[in-house]
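Have a look at the structure below before the remarks.
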Amino acid sequence: MNLKTPRTRLKRLPKRGAHDFATMAAVIPTGYGRKGRTLYIHGSFASRMLNELATGIPMCLTVTLVDGLVLARSGFHSSVNYRSVVVLAKATVVEGEEKGTALEIISEQILPGRWADIRRPNRKELKATLVLKLRINEASAKIRTGPPKDDEEDYALKCWAGVLPLQLTPGKPVADPRLPANIPVPDYARKFPRPGRKK
């Protein structure tokens, strides 16, 4: 489905843009949770920002993944390779059983497999947590890939140009000092992939 609206139409560099849900699903989210076209966000029940959003005011949620530094022959054309999504929506408060489900979705988005190993939130923790959801119905994605695009005359300059790829590289898991020695590191922590990348 095309999510393009007058508000999400890209005016600058529209050729880098996309309005299809499949492109956005590969970027959204990091630090949030998505199931289908529903996006969940959460935080402290005392959060001023979340409480404002809970009133149903229009919001904009943006997620950007930086994939590399684009080192051009001029400062003007230097850039970054990135994947970015902007979602325009109104959030609603999540309550009841869906709240627990939403927290599981968020946990599994961040580290798939972890939810099965941990204690579920208790009543006090659920009361202290505000969960909001929004439907992805109006959104745009923007992506830049590839080498620098210099002015033609700058190709004669004798300076290096290209892309410095960037990626999250998980380090070796460090056990809690109070963890018994006989509990192994789970596969989901040992083989943690970069969010947004296909495994």
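Throughout, read-outs are computed from the coordinates displayed, never taken from laboratory work. Since this is a predicted model, take the numbers as computed values, not measurements. Please note: Cβ atoms are built from the backbone with ideal geometry, for glycine as well, and neighbour counts cover all protein chains shown.
Counting other Cβ atoms within 10 Å of each Cβ, which GluC sites (Glu not before Pro) in the stretch 76-145 have at most 11 and sit in a DSSP loop?
Passing sites in the stretch 76-145 are E95.
Please name whichever of P112, T101, H77 sits farthest to the positive end of the charge dipole of the stretch 65-114, dipole taken about the Cα centre and charges placed at Cβ: Lys and Arg +1, Asp and Glu -1.
The residue sitting farthest along the positive end of the dipole is H77.
When the helices in the chain are scored as -39500 (n - 2.57) per DSSP H run of 4 or longer and the sum is shared across all residues, what 222 nm value do you end up with, to the nearest 500 deg cm²/dmol? Mind showing how you got there, number by number?
On the way: 5 runs with 34 residues, N = 199.
-4000 deg cm²/dmol, from helical runs alone.
For the pairs K15/K133; K4/K133; K90/K142; K90/K172; K90/K149; K4/K191, note any where the Cα-Cα span goes beyond 28 Å.
Flagged as over cut-off: K15/K133; K90/K172; K90/K149; K4/K191.
Find, among the chymotrypsin sites (Phe, Trp or Tyr not before Pro) in the stretch 10-105, those assigned to loop by DSSP (not H, G, I, E, B) with at most 10 other beta-carbon atoms within 10 angstrom.
Those satisfying the criteria are F76.
I need V80, V85, V163 ordered by Cβ neighbour count within 10 Å, fewest first.
Details: V80 14, V85 25, V163 18.
Fewest-to-most ranking of V80, V85, V163: V80, V163, V85.
Along each of the three principal axes of the Cα atoms of the stretch 62-197, give the extent in whole Å, ordering the values from largest to smallest.
65, 46, 20
When the dipole is taken about the Cα centre of the stretch 25-161, and only Lys, Arg (+1) and Asp, Glu (-1) are charged at their Cβ, what size is it in debye, to the nearest 20?
With only Lys, Arg, Asp and Glu charged at Cβ, the dipole is about 620 debye.
Calculate the tail of P(r) for the stretch 1-110: the fraction of all Cα-Cα distances greater than 20 Å, expressed in %.
When every Cα pair of the stretch 1-110 is considered, 51 percent fall beyond 20 Å.
Report, to the nearest 10°, how far helix 97-110 tilts away from the longest principal axis of the Cα atoms in the chain, using its own Cα long axis and a range of 0 to 90°.
40
Arrange I136, I143 by Cβ neighbour counts within 10 Å, fewest through most, would you?
In order of increasing Cβ crowding within 10 Å: I143, I136.
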